[in-house]
Amino acid sequence: MDNQATISFSEEQADLLEIAENFCRDKSPVSSVRALMESDLGHAPAIWQEMADLGWLSIAVPEEYGGVGLGMAEVVPVVEQMGRRMMAGPFISTTLAAQALLVGGTEAQKADLLPKIATGGIATVALSEDNADWNLSNIAAKADLAGGKLHLSGTKTLVADADSAQWIFVSVMHKGAASMVMLRSETLPEGALRRETIIDETKRSYQLSLDGISVPESALFDAERVREVFDHIHLAAALLVSAEMCGGARGVIDYTVEYLQTRKQFGKVIGSYQALKHPIVDAHVGYEQARSHLYSAASNFTKQGEGEIATRMAKAQAGEAFSFAADRAIQFHGGFGFTYDCDAQLYRRRSLWGENMYGDAIYHRKKLADFLL
Amino acid sequence: MTAPSKAELEDYRQDVAAWLQANRPPEPDFMLPLTFMEVGTEAQFDYLRDWQRKCYEAGYVGAGWPTEYGGGGMHQAFQDAASKEMAAQNVPIMLNAIGLNWAGPLLLDIGCHTDRARYLKGILTAEDIWCQGFSEPDHGSDLGNAQTKAVRDADEYVINGSKIWTTHGSFAKYMILLARTDPDAVSKYRGLSFFLAPMHAGGVETVPIRKLTGEHGFTQTFFTDVRISASCLMGEENAGWGVAMRTLEYERGARGGQGNSYTISTPDASRIFDLAKTVQREGKAAVEDPVIRDKLVQFMIEARALSLNNQRQSITPLIQDRPQSLPLQSKLAWTEFILRLNEFAISLQGTKAAYYVGEPDAIDGGLWHRGYLNAFSATIGGGTSQIQRNIIGEHVLNLPKS
């Protein structure tokens, strides 16, 4: 079929995996996850600062901009462990914003913002619109130049963590081409952000109305390089969401296995019944395959061609594996599974979010078919 | 012995690759078995026995076994690399699977010098074919309930009973045999003993079983007052269950030391792409059909996952919390994958899906149909997929026994 697939794992990845595993377990017990769900902000700034102090926001930022100079491969184990504990916060948003800036920002923008992001400044990307298209180049929002300023119009949807972010990178049409423009949150007019109600209550998501906002021309990304941003962000996002979903699959399988090991019916622990044991094993097998794909995608991410193939496969597999595991988790908790108090719903809601962000399994397989067949 | 470096292994692999390219045997005029379980005719048997001997003489069978027993005396990693390269080149399989990969490693781990000297070289050369006597007509998945009896009589045991699904039963010189030595043991598992039994002893009868494909490949083996030496006992009397379970760990790849683990060739899955290009749907190549494209990519993703799982097993930080997880699921995942892949390949063939082996117009000679039917031998044999799920559930996820 194709025997080119490889997987490797660096010492840095191993160190980060171990640190992140302990940190996320300690800092994000499910009681905290549920408490933060109820808060407006949705995450704990003190923990965010600890992550920044650990250097996690600078992992994939080059040294010349104050970062560690590693890559997305090293971000993956961190996000995986966050996903396993359903840790809240703008980590993925900020990482994607930094990636967008790195690939398409002007030198001045990078020099200004990347060092700030590397030390804990929060940023996000505004890419989706009412058309709900996973193709990030399908953009209706506009940035029109008049009087030396860019006048923005249109609405962006599903802008993650926009309320916490100091900077928002917005995709717009400019002079007939897809581009990106940098917004500083303090310049947003009152009411520009509306919090959306989304399936995953641990996440924060906003609509951003651009009408009436104008920014200096220097807010535009580098016209020469901006075309690469959309492909890069699409794949980087698919990779990180895959990591989060892999971790989530592990989390929900552990959660369900614990119940199967303790709950008794008809005088027996229910995990001894094959009607429950076999499907949870299938979920586990699916998770392990997703994890192999994830780390293959991580280690090949920067390779032309192979990076795209591995990442799309990882996203397709992680989405289906997480959704299956979380779906069965609700069912296998019986009556308790139908309640808000059962954590199975947290995972299932997150899997519905993750599977459908940045392309679902069918979408990625279609892209792969066009690439490979 | 220190493990070889990556560079040393790569050099070795290249030697193996070059040798295989130069020495691959000519295609026979009969269909070659894809797995060691499919050897049904003398012609197939002779062809594969010659091929194993040739590979042994080249040093690529038992490279990791001690030289005093006919092995190559090298680090096991070299043998594993050679086995892997043979799989990659899709050459004919190794015949003497049960000797090479079950009985052999077991003898090396817990056997005495006399037994090793007696048995190991014949395993490597394929001079002595081995078979396995675990399952019984009434005790398949419930292996611990095996009822074939072995009664001690002075310095002999007397065997009575019957074993089934004996791969290579009609060719074998020895059998690894699980038999009941204590019918009154408190636990059924504690009354079993493990023997290295001669198949040419008086009272052993093998009856071929015709498989669902119409071919032969297994026997039922009957024991009527068969007398074997007490020295055939492997391990302590009534401690055979532990030995049998250890044996299954070699089979599942959860323990190393295999003489040559290439005993099952995986169908070249890329052939389903060729198939999808040649058959038609609505006047166009099937590969243009979006649903078929989606399925083809699904198979590709799954095939990759299985290959990546193997690679990940050597990355300690990514497996250390559950080191048995990937090895224990490998058999389940592979065999179910192969079954579904063959099934899909049949469905791709349109009306020609109706043809079977022997029909001159059958696509690929009926390979996919035969492959599909034979694939059940792997989803059932060596512990059914359902038993595999029990094993994974109990040993990896720590769920209570069913």
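The values are calculated or read from the model by the stated rules, or taken from the named source; none is laboratory data. Remember, it's a predicted structure, so these values are computed and weren't measured experimentally. Cβ sites come from the backbone with ideal geometry, for glycine too, and all protein chains shown count toward neighbours.
Some points to look at:
- Within the stretch B:369-386, being part of a helix (DSSP H, G or I) and either within 14 Å of chain A (Cβ to nearest Cβ) or polar (S, T, N, Q) (or both) holds for B:Asn374, B:Ser377, B:Thr379, B:Ser385, B:Gln386.
- Helices (runs of 4 or more DSSP H) enclosed by the stretch A:1-117 - at least 1 residues per element that are crowded, with 22+ Cβ neighbours inside 10 Å and aromatic (Phe, Trp, Tyr): A:91-104
- Of residues in the stretch B:286-298 being free of Cβ contacts under 8 Å to residues at least 60 places away in the same chain and either in contact with a Cys (Cβ under 6 Å, 6 or more places away or on another chain) or more than 7 Å from chain A (Cβ to nearest Cβ) (or both), the one surrounded by the most Cβ atoms within 10 Å (Cβ to Cβ): B:Ile292
- Where a residue in the stretch A:100-124 is of a type in the set (Ser, Thr, Tyr) and its partner, wherever it lies, is part of a helix (DSSP H, G or I), with Cβ under 8 Å and at least six apart: A:Thr106/A:Ser218; A:Thr119/A:Ala52; A:Thr119/A:Leu57; A:Thr119/A:Ser58; A:Thr124/A:Ser93; A:Thr124/A:Thr94; A:Thr124/A:Leu96; A:Thr124/A:Ala97
- The stretch B:137-165 - residue that is in a strand (DSSP E or B) and surrounded by 22 or more Cβ atoms within 10 Å (Cβ to Cβ) and, of those, modelled with the lowest pLDDT: B:Trp165
- Of all positions in the stretch A:321-329, at least one carries a residue that is in the same structural domain as A:Met357 (by TED's automatic domain parsing), modelled with pLDDT of 95 or more and over 21 Å from the mean Cα position of the chain (by Cα).
- Residues satisfying the criterion are present in the stretch B:273-285 (criterion: farther than 30 Å from B:Asn398 by Cα, away from chain A (no Cβ under 12 Å) and of a type in the set (A, V, I, L, M, F, W, C)).
- Any hit, the stretch B:186-197, residues being surrounded by fewer than 20 Cβ atoms within 10 Å (Cβ to Cβ) and basic (Lys, Arg): yes
- Apart from one condition, B:Gly240 fits all of (1) surrounded by 22 or more Cβ atoms within 10 Å (Cβ to Cβ); (2) closer than 20 Å to B:Ala172 by Cα; the exception is (2).
- Condition met for A:Ile270 (over 20 Å from the mean Cα position of the chain (by Cα) and either within 11 Å of chain B (Cβ to nearest Cβ) or within 16 Å of A:Phe9 (Cβ to Cβ) (or both)): yes
- Of all residues making up the stretch B:341-371, the number that are surrounded by fewer than 17 Cβ atoms within 10 Å (Cβ to Cβ), within 22 Å of B:Gly217 (Cα to Cα) and without any contact (Cβ under 8 Å) to a residue 12 or more places away in the chain: 2
- Note on the stretch A:153-212: among residues that are basic (Lys, Arg) and within 21 Å of A:Asp231 (Cα to Cα), the one that is farthest from the chain's Cα centre (by Cα) is A:Lys175.
- Residue satisfying all of: in the stretch A:336-373; more than 13 Å from chain B (Cβ to nearest Cβ) and acidic (Asp, Glu); farthest from A:Glu306 (Cα to Cα) among these: A:Asp341
- Listed by position, the strands (runs of 3 or more DSSP E) inside the stretch A:168-227 whose residues that are buried (at least 23 other Cβ atoms within 10 Å of the Cβ) number at least 1 are A:177-184, A:205-209.
- Residue check for B:Arg389: of a type outside the set (S, T, N, Q), part of a helix (DSSP H, G or I), under 18 Å from A:Val257 (Cβ atoms) and within 14 Å of chain A (Cβ to nearest Cβ): yes
- Those residues of the stretch B:303-331 which are facing chain A (nearest Cβ under 7 Å) and within 25 Å of the chain's Cα centre (by Cα), in sequence order: B:Ala303, B:Arg304, B:Ala305, B:Ser307, B:Leu308, B:Asn309, B:Gln311, B:Arg312, B:Ser325, B:Leu326, B:Gln329
- Scanning the stretch B:332-368 for residues that are of a type in the set (Asp, Glu) and more than 12 Å from chain A (Cβ to nearest Cβ) yields B:Glu343, B:Glu359, B:Asp361, B:Asp364.
- One residue stands out among those in the stretch A:285-335 that are among the hydroxyl-bearing types (Ser, Thr, Tyr) and away from every other protein chain (no Cβ under 13 Å): the one that is nearest to B:Val396 (Cα to Cα), which is A:Ser323.
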